[in-house]
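**Q** Structure below; questions to follow.
The values are calculated or read from the model by the stated rules, or taken from the named source; none is laboratory data. None of these values were measured; they are calculated from a predicted model. We work out accessible area using only protein heavy atoms, side chains counted, and drop any ligands, DNA or RNA first. Shrake-Rupley method; radii C 1.70, N 1.55, O 1.52, S 1.80 Å.
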Amino acid sequence: MKVLQLVTSSRPFFEQQVSALEDRGVDCTVLEVPGEHEGDSGRTPTNYARFYPDIVSEVRSTSYDLVHANYGLVAPFALAQPTRPVVLTLWGTDLMSDRSWLRSCSRYGARRADAAIVPSRTMSRDLETEHELIPFGVDTDLFRPMSRAQAREQVGWETDRPIALFPYDRTRSVKDYPRAQRLVERADADIELRTVSGVDHAQMPYYMNASDALLVTSRRESGPMVVKEAAACNLPVVSTDVGFVGETIRGVSNCVVSDNDGALLGGLERAVENGGRSDGRESIDGLSVDSLGDRLHGLYRRVLDRDDGTGYPTGVSHDV
C-alpha cells in the first residue's frame with residue numbers, strides 16, 4: 001500500500017504515525033507545505049499556491065493508493081486531486097480555531113473526504129460529519145518514568161528545588177507564559193519555573209523526569225501532546241482546560257485541569273508536596289503508537305475496499 005501524506009508542518013507525533021504505518025508495510029511519502037513555519041508565524045498564501053502543483057506532480061508520478069491529509073488547511077489540496085481517495089485527520093487548532101474560515105475549511109474537508117479522523121472526544125462532539133475517533137499515540141518506550149536525580153544530571157540541572165516545567169517558547173502569546181510566572185510566584189512553596197523549547201524530542205523525557213510538575217497555561221491548544229507524554233512519565237500535570245487535556249488526565253492523581261487560578265495554584269502546590277509523581281501512565285493505557293498504527297492501517301484498508309459497494313463503513317466511533 002502506498003500513501004501520500006500531506007502535512008502543513010511535521011510534528012513528532014506525526015513522524016511517529018508515519019513510522020508506525022511503515023512498520024505495518026505502508027509505504028509513506030511525506031509532502032510538506034513549502035516555506036518556513038515557526039512559533040505563531042504561519043506560511044504565506046504563496047506557499048500554499050506552490051503546494052498544489054507539487055501534489056499533482058507527485059500523484060501523477062507515483063501509483064499511490066490514497067492521500068492522507070493531516071490538518072484542515074491541506075484538505076482542499078488533497079481533495080482537488082481527483083484520482084485518489086482521501087483520508088483527513090484534523091488536529092484541533094483547525095476544527096477548533098478562533099478563525100471562522102479555518103473552521104469552515106476543516107468541516108468542508110471532513111464532509112468531502114472518504115474518511116475523517118479526530119484525535120479527541122472534544123473534537124468528536126464538535127464535528128457532526130461522519131468520522132472516526134483515533135487518539136494520537138504516545139511512544140511509551142521513550143516517555144517513561146525514571147530517576148529524578150539521574151534525569152537532572154542528564155539535562156544539567158544542578159538544583160534541589162522543585163521545578164515546574166513550562167514546555168513552550170515563552171514568547172508565544174497563546175501559551176501565556178506570564179500566567180505561569182504569576183502562579184509560581186504566588187505558590188506557597190519554593191518552586192522554580194523552567195522553560196524548555198526547541199530541544200530534541202528524544203531529550204524531552206529527561207526534562208519531564210527532572211521536573212516536579214508540568215505547567216500548561218495555554219489559552220488554546222489542539223492537544224497538547226506534551227500532556228500525554230508527561231502522563232507517560234508519571235509527571236503531575238497542572239493545566240488550563242484546553243484541547244484533550246481534560247479527557248487525558250482528569251481523575252489522575254496529583255493532576256489538575258481548570259481555568260481558575262486558585263485551582264491551578266492549589267494543584268501546583270499539591271504536586272510538589274506529594275513528591276512530583278502521579279499515576280498518569282495508567283491513564284494513557286491503549287494510547288500507544290502501535291495502537292494508532294493498527295487503527296490507521298485498518299481504516300486505510302476499509303477506505304480502499306469501498307469499491308465493493310459497502311460505502312464508507314466506519315461511522316462515528318467513540319472508542320479510545
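**Q** Sorted by accessible area with a 1.4 angstrom probe, largest first, how do Tyr48, Tyr206 fall?
**A** Tyr206, Tyr48
**Q** Using alpha carbons only, how many degrees (0 to 90, rounded to 10) separate the axis of helix 12-23 from the longest principal axis of the chain?
**A** It works out to around 50 degrees.
**Q** Under 8 Å for C-alpha pairs, at least 6 residues apart: give me the relative contact order for the range 80-147, rounded to a whole percent.
**A** 28
**Q** Taking the full set of protein chains and a 1.4 angstrom probe, give the accessible area of His201 in square angstrom, rounded to the nearest 10.
**A** 50
**Q** Gain in length, Glu153 to Asp290, computed as 0.36 nm per residue apart minus the alpha-carbon separation, to one decimal in nm?
**A** Full extension of this stretch gives 46.2 nm more.
**Q** How would Asp54, Asp290 rank on accessible area, largest to smallest, probe 1.4 Å?
**A** Asp290, Asp54
**Q** Using a 1.4 Å probe, how large is the accessible area of Phe51, given in Å² and rounded to the nearest 10?
**A** It works out to around 0 Å².
**Q** Related question: Take every Cα pair under 8 Å in the chain that's 6+ residues apart, average their separations, divide by the length, and report that relative contact order as a whole percent.
**A** 17
**Q** With a 1.4 Å probe and every protein chain left in place, tell me how much accessible area Tyr71 has, in Å² to the nearest 10.
**A** 20
**Q** A follow-up question, please. Is the range 157-289 rounded, prolate or oblate when judged by the Cα gyration tensor, a ≥ b ≥ c being the square roots of its eigenvalues, rounded requiring a/c under 1.5 and prolate requiring a/b larger than b/c?
**A** Cα axes put the range 157-289 in the rounded bin.
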